[in-house]
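Structure first, then comments.
The values are calculated or read from the model by the stated rules, or taken from the named source; none is laboratory data. Just so you know, these numbers come straight off a predicted model, no measurement behind them. We place every Cβ from the backbone using ideal geometry, glycine too, and count neighbours over all the protein chains shown. Just so you know, the surface numbers come from the protein's heavy atoms only, side chains and all, with ligands and any DNA or RNA stripped out. Shrake-Rupley method; radii C 1.70, N 1.55, O 1.52, S 1.80 Å.
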Amino acid sequence: MTQINFTLDSEQIQDIISKRGANDLTKQMLTTIFNQLMERKRDEYINVDTYSRDEGRISHRNGHYDRNYTTRIGTLDLIVPRTRDGKFSPSVFERYQRSEKALLSTMLEMYVQGVSTRKVTKVIEELCGVSVSKSFVSSLAVELDALVERFLNRSIVKKYPFILSDVLHIKVREEHRAVSKAFHIILGINAQGERELLDFSISDSESFSTWQ
C-alpha cells in the first residue's frame, strides 16, 4: 500500500487552514476528538470504566456541561464531562494552546489523507501528552471516518457569488521516494465575504484532466 507523508511548512499550513476557511470538517473532527478524549480522561480520573461498580472508584460521573472553546479554526461547541466531587478538570484546552501549530498541521494531513489510526494517535498524543490504547483510537477513528465521508459526499446547496480554485504543489514521500503532488483546492466566497472550502483532490500533476 502506498504511504504518503506531507512536509508542509508553517506558512503553507496557515494559508490553507487559517486564511482559506477550510474549517467545517476540521472543526467537526477536532470537536469529536476533544469530546471523546475528555470522556476517556474522566474514566481515568474516577478509576473505573463506564457503568462499573468497582470499589476502587474515586468519584462518580455527574453529567456534562456545554462549553464554547475558541481556536484558530473557529469556535468549538464542546460537551465537558463532570464528576460528583467537582474536582475533575480536563487539561486538553491548555495543552491544545501550547501545541496548536503542530495540531493544525496534523489535522491538515488527516484532512487530505483521510483518517488513519496513526494520524488520530498523533493528534491525541499532542493533546494529552500520553499514549492511548489502540482500541480507543480505533473507535474514535470510526467516528472521524464518518465525518470525512459525509464531507466528501455532501450536497452543496448554498449559493456562492464567487468560486476560486488553486493548486498547491507539495513534496511528499511516496514509497520511499520524494515526489511532487498537485493539491487542488476549490473555495467558495459566500454572501458574507467568507471563504469556505468546497472540495479538494490530490493528483500526480496539474493538467487539463485534473482541473476537470
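Counted over all Cα-Cα pairs of segment 55-183, pairs farther apart than 20 Å make up 64 percent.
Would you mind checking the pairs Lys119/Lys171; Lys41/Lys171; Lys122/Lys158 and listing those with alpha carbons more than 30 angstrom apart? Intermediate results must be reported in sequence, preceding the final value.
Details: Lys119/Lys171 19 Å; Lys41/Lys171 37 Å; Lys122/Lys158 34 Å.
Distance filter (> 30 Å) returns Lys41/Lys171; Lys122/Lys158.
Beta carbons within 10 angstrom, averaged per residue: use that to sort the peptides 99-106, 85-92, highest first. All intermediate terms of the calculation are to be shown ahead of the outcome.
On the way: 99-106: 17.9, 85-92: 14.4.
By packing density, highest mean first, the sequence is 99-106, 85-92.
Keeping all protein chains in place, calculate the accessible area per residue for segment 103-195 (probe 1.4 angstrom), answer in Å².
On the way: 5090 Å² over 93 residues.
Per residue, segment 103-195 has 55 Å² of solvent-accessible surface.
With all projection directions averaged, the alpha carbon convex hull of segment 123-188 covers 7.5 nm².
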